[in-house]
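Engineer: Take this structure first; my questions come after.
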Amino acid sequence: MRSKCYFDTFEDKGEIMKGDFISQADIEHLQEIVGEERVSQGTSQRELHSHDESFHLPRLPEVVIWPHSTEEVSKIIKWVHKKEVPITPWGAGTSLEGNPIPASGGMVMDLQEMNRILEIREEDLQVDVQAGVVYKELNKTLGNYGLFFPPDPGAAATIGGMVANNASGVRTVKYGATKDFVLKLVVVLPAGEVITIGSHSAKSSSGYDLCRLFTGSEGTLGVITEVTLRLVGLPERFMAVRTTFNTTHDATATVFQVMSSGLSPAAMEFLDEKVIEAINHYKSMELEEKPTLFMEFHGFSEAGLQEEMGFVEDICQGNRCSSFASGIGLDERNTLWEARYDAFEAVKRTATGLSPLIIDASVPISRYTALVEFAKEATEKLRAYIFGHAGNGNIHVVIMGDPQDQKEWSQIEEANEVIVLKALEFEGTCTGEHGVGIGKRRFMPLEHGNSLAVMLKIKEALDPKGTMNPGKVFP
Ligand SMILES: Cc1cc2nc3c(=O)[nH]c(=O)nc-3n(C[C@H](O)[C@H](O)[C@H](O)COP(=O)(O)OP(=O)(O)OC[C@H]3O[C@@H](n4cnc5c(N)ncnc54)[C@H](O)[C@@H]3O)c2cc1C
């Protein structure tokens with residue numbers, strides 16, 4: 001690859017670089033494509049697009065551009081490709097592993113103004129959207145049709161960013177991750193060629209599955225401009241459960257038993273006692289500060305859900321739960337779950353001025369208890385908070401610290417290292433949902449062995465100049 005990229009020194013040298021990829025003549029040409037007001041070299045816009053929601057060091061792009069159509073994206077990419085300018089697609093910048101940080105400077109292409117819902121085909125349970133549509137807005141609109149797109153990362157992410165990161169969330173345990181909903185994509189390749197992949201058929205065995213290739217590619221293979229998503233009917237009835245345990249072991253063992261009992265929770269979340277304590281402070285609540293499970297079930301009838309609730313309660317009692325609160329209906333669900341959505345923010349508020357390192361790893365469900373217990377021990381002396389999408393074996397450990405305090409931060413990074421390595425030892429993955437970005441690159445050889453070389457060949461075949469989101473995914 002011939003790219004003029006600096007990503008090898010990115011993590012060592014924190015300074016913001018002066019760019020050297022884009023000339024005044026380039027800016028004028030870009031302005032001809034999209035108009036003056038949609039190209040910015042202003043400091044505030046460059047700063048806004050220099051970081052995501054993670055602790056990873058910011059890097060200023062030289063220019064930010066806001067296209068409105070696939071055609072504009074193609075024209076811009078053709079130009080920057082010829083000039084070998086690094087280009088980083090940008091959704092809403094809510095990533096947690098440095099995924100959209102322009103590690104080599106160059107251009108950030110912000111897709112947020114491509115935010116039109118193109119067509120809702122309710123009879124097919126499908127929607128076509130531009131990449132910059134925010135999924136919460138999409139679900140609001142789809143609600144009018146009795147439909148929804150289930151993956152729910154919590155943050156105000158765009159559909160393009162969710163596809164590029166293969167995002168998932170609390171409902172993935174029942175409905176699947178973003179990759180399970182992508183039927184068709186329009187993608188602009190690194191030299192500017194536009195391709196359409198997939199179809200409107202709900203199933204297909206026609207050729208290589210390129211939708212899966214681009215889903216989770218983190219902007220390293222091209223820019224996704226349009227997406228067709230499969231949708232699901234909104235559930236008729238909701239049941240929610242919040243239950244606490246005296247030990248982490250009892251709580252996580254319950255996860256395994258519920259999952260293996262034939263019940264099908266729509267969400268199954270674990271929060272340790274420190275997360276609950278943080279939530280109590282942040283939201284002035286009085287939840288029992290013990291290892292806690294939040295569960296949600298979807299069904300057709302109240303009677304059916306009542307019956308399921310009986311089974312769930314039996315399992316929780318069998319694991320010595322110290323409290324069990326449940327309710328049927330959306331309002332009850334929202335009340336019981338109020339605390340869950342603010343978990344990350346509550347943890348961040350425990351130590352203002354410090355940064356969070358967020359560990360995201362996933363293991364087969366049978367190893368979840370062991371991983372959580374291992375993580376607890378590994379982070380005993382740190383400001384660590386454990387929670388996650390337990391039903392998928394997905395753990396998050398948020399460790400608060402000061403990246404400038406080298407001694408403390410190296411302990412935090414060491415904890416990250418050992419927990420991820422343990423997940424890999426348990427035949428899991430270094431990232432359940434946040435993607436590789438910058439932070440997980442070093443684990444890729446161990447997780448993927450010689451198949452990483454195949455990924456690299458694909459990258460080189462599609463992006464021989466290495467201009468698409470350089471410094472990500474590959475070590
Ligand atoms: C409080 C909080 C909670 C979160 N919880 C979850 C969670 O439960 N599950 C989860 O999966 N994630 C979670 N996240 C992470 C994040 O929200 C998701 O990864 C989300 O998918 C990122 O979307 P975005 O639009 O912000 O994309 P960005 O962060 O802007 O970009 C993500 C990646 O996609 C690339 N990209 C963006 N748009 C395109 C495009 N159109 N074409 C090609 N590449 C593109 C970028 O270059 C980057 O590599 C959370 C984040 C926060 C802040």
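Engineer: Any idea which residue in the range 103-112 is farthest from Lys184 (Cα to Cα), counting only those that are near the ligand (Cβ under 9 Å from one of its atoms) and in contact with a Pro (Cβ under 8 Å, 6 or more places away or on another chain)?
Structural biologist: Among them, the one singled out is Val108.
Engineer: I would also like to ask the following. Can you find, within the range 436-450, the residue that is nearest to Ser217 (Cα to Cα) among those that are touching a Pro at 6+ places or on another chain (Cβ under 9 Å) and in contact (Cβ under 8 Å) with a residue 24 or more places away in the chain?
Structural biologist: Gly437
Engineer: Assigned by TED's automatic domain parsing to the domain that holds Ile33, at pLDDT 95 or above and assigned to a helix (DSSP H, G or I): does that describe Glu123?
Structural biologist: Judged against the criteria, Glu123 is not a match.
Engineer: Right, something else. Condition check: touching a helix residue (DSSP H, G or I) at 6+ places or on another chain (Cβ under 9 Å), assigned to a loop (DSSP other than H, G, I, E, B) and within 12 Å of the ligand (Cβ to nearest atom). Does Val186 satisfy that?
Structural biologist: no
Engineer: Return the pairs, sorted by first residue and then second, in which the second residue is near the ligand (Cβ under 6 Å from one of its atoms) and among the aromatic types (Phe, Trp, Tyr), the first residue lies in the range 88-103 and is within 23 Å of Val133 (Cβ to Cβ), the beta carbons are less than 8 Å apart, and the residues are 6+ apart or on different chains.
Structural biologist: Pro100/Trp90
Engineer: Between a first residue in the range 34-58 that is in the same structural domain as Lys75 (by TED's automatic domain parsing) and a second residue that is assigned to a helix (DSSP H, G or I) and away from the ligand (no atom under 12 Å from the Cβ), which pairs have beta carbons less than 6 Å apart while being 6 or more apart in sequence or on different chains?
Structural biologist: As it stands, the answer is Val34/Glu72; Val39/Leu30; Val39/Gln31, since those pairs meet every condition given.
Engineer: Now for a different question. Give Val436, Val420 a once-over and let me know the one that is part of a loop (DSSP other than H, G, I, E, B), within 20 Å of the chain's Cα centre (by Cα) and surrounded by 15 or more Cβ atoms within 10 Å (Cβ to Cβ).
Structural biologist: Val436
Engineer: Restricting attention to the range 240-274, which residues are aliphatic (A, V, I, L, M), more than 16 Å from the ligand (Cβ to nearest atom) and within 18 Å of Tyr341 (Cβ to Cβ)?
Structural biologist: Ala240, Val241
Engineer: Within the range 132-149, can you find the residues that are part of a loop (DSSP other than H, G, I, E, B) and either away from the ligand (no atom under 11 Å from the Cβ) or under 20 Å from His51 (Cα atoms) (or both)?
Structural biologist: Residues satisfying the conditions are Gly132, Asn144, Tyr145, Gly146, Phe149.
Engineer: If I filter the range 100-113 for residues that are outside any helix (DSSP H, G or I), β-branched (Val, Ile, Thr) and within 17 Å of Asp52 (Cα to Cα), do I get at least one hit?
Structural biologist: Among the residues of the range 100-113, at least one is outside any helix (DSSP H, G or I), β-branched (Val, Ile, Thr) and within 17 Å of Asp52 (Cα to Cα), which makes the answer yes.
Yes/no matrix, rows are residues, columns are (1) in contact with a strand residue (DSSP E or B) (Cβ under 6 Å, 6 or more places away or on another chain); (2) closer than 23 Å to Gly154 by Cα; (3) of a type outside the set (Lys, Arg):
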position: Arg333; (1), (2), (3): yes, yes, no
position: Tyr341; (1), (2), (3): no, yes, yes
position: Arg367; (1), (2), (3): no, no, no
position: Ser410; (1), (2), (3): no, no, yes
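Engineer: Would you confirm whether or not the range 198-205 contains a residue that is buried (at least 24 other Cβ atoms within 10 Å of the Cβ), touching a residue at least 40 places away in the same chain (Cβ under 8 Å) and outside the structural domain of Phe311 (by TED's automatic domain parsing)?
Structural biologist: Looking for residues that are buried (at least 24 other Cβ atoms within 10 Å of the Cβ), touching a residue at least 40 places away in the same chain (Cβ under 8 Å) and outside the structural domain of Phe311 (by TED's automatic domain parsing), one finds none in the range 198-205, hence no.
Engineer: Based on what the data block shows, is Gly91 closer than 29 Å to Asn139 by Cβ and touching a helix residue (DSSP H, G or I) at 6+ places or on another chain (Cβ under 6 Å)?
Structural biologist: Criteria met by Gly91.
Engineer: Read through the list (1) more than 9 Å from the ligand (Cβ to nearest atom); (2) under 30 Å from Trp337 (Cα atoms), then give the number of the only condition that Ile77 fails.
Structural biologist: (2)
Engineer: Can you tell which of Leu305, Leu287, Leu293, Leu263 is aliphatic (A, V, I, L, M) and assigned to a strand (DSSP E or B)?
Structural biologist: Leu293
Engineer: Among the residues of the range 359-379, which ones are closer than 23 Å to Asn280 by Cβ and either at pLDDT below 95 or of a type in the set (S, T, N, Q) (or both)?
Structural biologist: Thr379
Engineer: Then there is this: Can you name every residue in the range 150-169 that is of a type in the set (A, V, I, L, M), within 7 Å of the ligand (Cβ to nearest atom) and outside any helix (DSSP H, G or I)?
Structural biologist: If the condition is that a residue be of a type in the set (A, V, I, L, M), within 7 Å of the ligand (Cβ to nearest atom) and outside any helix (DSSP H, G or I), then Ala155, Ala157, Ala167 are the ones that fit.
Engineer: Please indicate, with yes or no, whether at least one residue in the range 189-207 is assigned to a loop (DSSP other than H, G, I, E, B) and within 23 Å of Ser362 (Cα to Cα).
Structural biologist: The answer is no; no qualifying residue exists.
Engineer: Related question: With (1) surrounded by fewer than 24 Cβ atoms within 10 Å (Cβ to Cβ); (2) more than 12 Å from the ligand (Cβ to nearest atom) as the list, and Asn115 as the residue in question, which single condition is left unmet?
Structural biologist: Exception for Asn115: condition (2).
The values are calculated or read from the model by the stated rules, or taken from the named source; none is laboratory data. Nothing here was measured: the structure is a model prediction, and the numbers come from that model. Positions of Cβ are backbone-derived with ideal geometry, glycine not excepted, and every protein chain shown enters the neighbour counts.
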